[in-house]
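Some notes on the structure that comes next.
The values are calculated or read from the model by the stated rules, or taken from the named source; none is laboratory data. Computed from a predicted structure; not experimentally measured. Positions of Cβ are backbone-derived with ideal geometry, glycine not excepted, and every protein chain shown enters the neighbour counts. Quick note on the areas: whole protein, heavy atoms, side chains included, nothing else; ligands and nucleic acids left out. Shrake-Rupley method; radii C 1.70, N 1.55, O 1.52, S 1.80 Å.
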Amino acid sequence: MTEPLDILVFGAHADDAEIGMAGTIVKHTRAGYRVGICDLTCAEMSSNGTVELRKQEAESASAVLGLSMRSNLGLPDRGLFRTEEHIRRIVAEIRKWAPRIVFAPYWEDRHPDHIACSGLVEEAVFNAKLRRYMPEMPPVTVSQTYFYFINDLGRADLTVDVTDFYAEKEASLRCYASQFTGPTQGSDTVATPLTAQYVQRVQARDSLLGQKCGIGYAEGFASRLPHKVHLF
């Protein structure tokens with residue numbers, strides 16, 4: 001029997017979750033929580049790297065993050081759509097791991113796959129609790145769904161102080177050398193938005209958000225629903 005997760009993070013590609021919330025992931029795994037990542041695609045359309053290399057990079061990043069599991073659904077890169085097949089695959093993953101909290105990319109982003117992933121996960125979370133939907137698997141009710149930012153920063157409904165774990169976030173991003181290393185003479189790397197000091201921009205974003213909260217680094221999240229807190 002699969003041991004349930006506390007947190008399940010969905011991304012369209014390996015490195016999405018690390019860009020958006022690696023610090024939050026490490027903060028929770030170091031505290032003993034079970035955290036997993038499900039990448040929807042193998043990123044086979046990426047301009048740099050190969051599917052096999054991206055897999056190796058994701059495994060290295062997973063070790064840095066201290067994940068309990070990482071899976072890949074093998075859905076088509078640049079072919080994510082709100083089809084019944086895609087929704088059912090994600091529902092099956094949610095029911096398999098029965099997470100208390102699910103994270104997905106923010107619903108506005110320059111990359112269409114990130115937007116598609118956001119919508120697919122949101123719909124799958126809803127369907128996962130319906131006992132007559134895919135009745136061959138028991139229903140699972142997710143307590144809360146949050147959305148993390150990748151390329152485009154929206155309004156953060158809540159923030160997590162990741163100052164003490166930012167070195168691990170940086171280390172997890174360095175695992176994806178094929179994506180974040182700029183072209184050099186004689187290499188077959190092509191220039192993309194990710195090779196143009198992208199990691200430094202992520203650091204600046206997290207630092208600026210931290211500054212607003214009076215801390216070193218913060219990761220922000222959006223929620224469709226009001227976020228409940230205990231004041232005292």
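Worth pointing out:
- Rh by Kirkwood over Cα pairs, then Stokes-Einstein D for the stretch 119-176 at 1.306 mPa s and 10 °C, µm²/s: 108
- Average accessible surface area per residue within the chain, 1.4 Å rolling probe, Å²: 49
- By definition, a body whose alpha carbon gyration tensor gives a ≥ b ≥ c is oblate when a/c is 1.5 or more and a/b is not larger than b/c, and the chain fits this oblate description.
- Under Karplus coefficients 6.51, -1.76 and 1.60, residue-wise ³J(HN,Hα) of the stretch 122-131 in Hz, glycine/proline x: 4, 5, 5, 4, 5, 5, 4, 8, 7, 5
- All Cα-Cα separations within the stretch 1-132 were binned at 5 Å from zero, giving a P(r) of 2, 11, 22, 24, 21, 14, 5, 1, 0, each value a whole percent of the pairs.
- Treating r as the C-beta distance of H230 and A92 and R0 as 41 Å, the FRET efficiency rounds to 0.75.
- Heavy-atom accessible surface of the chain: percent carbon and sulfur, 1.4 Å: 53
- Estimated distance in nm for a label pair at R100 and R30, the labels positioned 7 Å out from Cα along Cα-to-Cβ: 2.0
- The chain - share of DSSP beta bridges that are antiparallel (%, nearest 5): 25
- Accessible area of I215 (1.4 Å probe, protein heavy atoms only, ligands and nucleic acids ignored): about 50 Å².
- Label-to-label distance, nm, for residues given as T163 and T192 (7 Å Cα→Cβ offset): 3.4
- 24 Å Cα-Cα threshold exceeded, pairs from K96/K129; K96/K169; K169/K212; K55/K129; K129/K169; K55/K96: K96/K169; K55/K129; K129/K169
- Rounded to the nearest 20 debye, the dipole magnitude of the chain is 700 debye, with +1 charges on Lys and Arg beta carbons, -1 on Asp and Glu beta carbons, and the Cα centre as origin.
- Taken about its Cα centre, the stretch 74-179 carries a charge dipole of about 480 debye when Lys and Arg each add +1 at the Cβ and Asp and Glu each add -1 at the Cβ.
- Across all directions, the shadow cast by the convex hull of the stretch 93-144 built on its C-alpha atoms averages 3.5 square nanometres.
- Estimated distance in nm for a label pair at R201 and R155, the labels positioned 7 Å out from Cα along Cα-to-Cβ: 2.4
- A Förster radius of 30 Å combined with the Cβ-Cβ distance from T181 to Q211 puts the calculated FRET efficiency at roughly 0.60.
- One decimal place: the segment R131-S60 gains 21.8 nm when fully extended, by the rule 0.36 nm per residue minus the C-alpha distance.
- Rounded Å value of the spacing that divides the Cα centres of the stretch 40-65 and the stretch 1-37: 16
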